Structures are given as structure tokens and as C-alpha cells.
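The values are calculated or read from the model by the stated rules, or taken from the named source; none is laboratory data. Computed from a predicted structure; not experimentally measured. As a convention, Cβ positions derive from the backbone with ideal geometry for all residues, glycine included, and neighbour counts pool all protein chains shown. Quick note on the areas: whole protein, heavy atoms, side chains included, nothing else; ligands and nucleic acids left out. Shrake-Rupley method; radii C 1.70, N 1.55, O 1.52, S 1.80 Å.
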Amino acid sequence: MGTEITLSLNGITIDYGKNRYWRRHHWLFPPDSIREIDYLYADNVTETKPGFETALQKTHFRLCHLGYSLQETKSRFESAVIRWNRTADLRLSFADFYARLTSLDFPALTTADLKPYVWDFRRFVVDLLTDWDTDDAGLEDFIFGLDFAITLRVLADPIANRSLPLRWHHQDLVDSGWASMEDLTDVDRGTYIIDHTMFVGRLQDYANANTPGKLDDWLVQQGVPRATPYTRVQRNGAIAQETTTLPIAVRNKIHHPENPHNTLSDQELVASIELLLEVAKALPIPLPGLL
């Protein structure tokens, strides 16, 4: 059978993996989201173990600011359909996908509702979309391979769903030796760099800061400490030491990989994004186009 790792929403398993085959979902959760949560086993046996937990509201905010605004989600979905239709004929629009998933009364959904689908939420979604299933569409394979963050972002859009608990039950995989916590929380460096670059650009526009230095000043005004050393190579080749906020130091390291005097760690990248998320959360007016 294998050892499962599951992502659940309001107690309903919406994604799962086994042994060495699973998706990393840690980025959906704010820092310090690990707490004691219930794990349900056969014969309704329940055990309490460490797991990730947050309200879908908080995950919605993270998705919106990390590449899954509604417009970005639509674009990702449409790109997936275009790629799929190189060898298929799936006539499913994002509007139709969105309408079917958001019409679902998720707070009222129970595990019994998923029993006809062998408790596989993806098969449940395929059934919701049966109007678009044809021999040439390959709908089931498409949904099974779809970026799961797209589905979760759509499920997070109805206000009624936002208070529901999202949990990632990871501990069995660790206890069985299939993965370590380091494996579970590894960073997709390329994605994080893109997210950071876009985040900094959006904040520059918001703050009307047309240089990194002006954005650095603005970030300090938002309470971000200016305490990160950065080594700059000046135009004449001279080396200059300076101190900036962490997001600006990370921004500089991303934009100047040719500079051999600095290194960018995954830990810095993650910490900087978390700082930017806190800044965005405290803005009196949200960043435009992301919610």
C-alpha cells in the first residue's frame, strides 16, 4: 500500500502522495505552521502527530502573492490546456473549470461524498467536469497532471471556504524513512527567484521607488531592518561594502550573479520572501491585481 502523505481541506483529502512520489506543499503554509494535528487511519483510528496547519485564508494570500493571483492562475490553466491540446482536444475553458469548482459547497462536503471515487479528489473533480469529457479530451489524465496549486487557488476563492483548515499530514513519511524534513521543505530555487523578482517589482511600483536604494528606504519605513551586508563592485572595479535590507540584498544577488563576492542561500531567499509577504500584508491598500 505504501506510506501516504496527504493535503486535506476541512478534513477532506484533496491531494496525496506515497513513498517517494509526492508534491511539496510546505510553501502554502506560513512559518511556524507545524502543530499537533489528527491523522486518520483505517477503522477510524485517530492519532495525533506533527503536521502543517493553517486557515485557507492565509494560504489564499500566499498563493495570490507567489504567482497564483486569479489572472496568473487563469494564464497557467490556459497554458496547460494549450500544451495538452498538442495531442488532444480538450475544450475546457478556465471559466468553466472555475465555475464548477466554486459552485461546490465545500464546507458541506464529507468523506462519504468521495467514497464513489475511491476517496480520490481528482476523480471527484473529473466527475464535476464530465460535460467536457470526450474520447479525444483526455480529461482524467489532464486533471491528474494539472498543477495542483491551480485547483487549490480556485477552491480558495469563495469566501465561505477561507476559514476552512488546510493541513499537510507529513509525519508518517518522515517516521517511515521515505523523506526527511529537509526533503519536504526543499526550495524550488528557480521558482523562488522568479517570485522574489516579481514581488520586488510590484512593491517598487506600489512605493513609487524607481531605484533599489529608494525601495530599500521604503522597506525600512515599513519596519524591515537594514542589517544585511552586501558587497558591491563599482564601475571602476573597486569593492564597496554596504548594508541593506534583506530583500534588497537578495534582489541585488539575483540581478548580479556575475558578482563573485556574494552568495545567495536558499535560507536567505525564503526569509526574504517571508519578509515581503509580511510587508504586503500590512499595506493599507493591497497590491493591485493580486487578490
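If you place +1 on the Cβ of every Lys and Arg and -1 on the Cβ of every Asp and Glu, how big does the dipole about the Cα centre of the chain come out, in debye to the nearest 20?
Dipole about the Cα centre, nearest 20: 1000 debye.
With no solvent and one equal point scatterer per Cα, compute the Debye intensity ratio I(q)/I(0) for the chain at 0.16 Å⁻¹ and report its log10, rounded to two decimals.
-1.32
What does the charge add up to near residue 148, with Lys and Arg as +1, Asp and Glu as -1, over the other residues with Cβ less than 11 Å from its Cβ?
Combined, the nearby Lys, Arg, Asp and Glu give +2.
Be a star and scan region 155-183 for residues whose amide nitrogen sits under 18 Å from the point 7 Å along the Cα-to-Cβ vector of residue 110.
Under 18 Å, as judged by backbone N against the label point of residue 110, lies no residue of region 155-183.
For region 93-183, give the magnitude of the charge dipole about the Cα centre (Cβ charges: +1 Lys/Arg, -1 Asp/Glu; no others), in debye to the nearest 20.
460
Classify region 142-291 from the C-alpha gyration tensor, please: rounded if a/c falls under 1.5, else prolate or oblate depending on whether a/b exceeds b/c.
Oblate shape, in that a/c is at least 1.5 and b/c is the bigger or equal ratio.
For region 208-270, state which GluC sites (Glu not before Pro) are in a DSSP loop and have at most 15 other beta carbons lying within 10 Å of their beta carbon.
Sites meeting the loop and neighbour criteria: 258.
So what is Rg over Rh here for region 1-100, counting just Cα atoms and using Kirkwood for Rh?
1.04
If packing is taken as the average count of other Cβ atoms within 10 Å, what order do 123-132, 152-161 fall into, highest mean first?
152-161, 123-132
Of 204, 254, 63, which is farthest on the positive side of the dipole of the chain, counting Cα position, with +1 on Lys and Arg Cβ, -1 on Asp and Glu Cβ, and the Cα centre as origin?
Farthest towards the positive end: 204.
How many Å² of accessible area per residue for the chain, probe 1.4 Å?
For the chain, the per-residue accessible area is 52 Å².
Could you list the residues of region 80-116 with an amide nitrogen less than 18 Å from a label point located 7 Å from the Cα of residue 135 in the Cα-to-C-beta direction?
87-91
Label point 7 Å out from residue 45 along Cα-to-Cβ: which residues of region 1-15 have amide N under 17 Å?
Answer for region 1-15: 1-5.
Return the long-range amide H neighbours of residue 244 (sequence gap of 5 or more, or a different chain), with a cut-off of under 5 Å between placed amide H atoms.
Sorted by chain and number, the residues that satisfy this are 227, 228, 230.
Over region 191-257, with every protein chain in place, what whole percent of the accessible area is carbon and sulfur at 1.4 Å, could you tell me?
Roughly 50 percent, rounded to a whole number.
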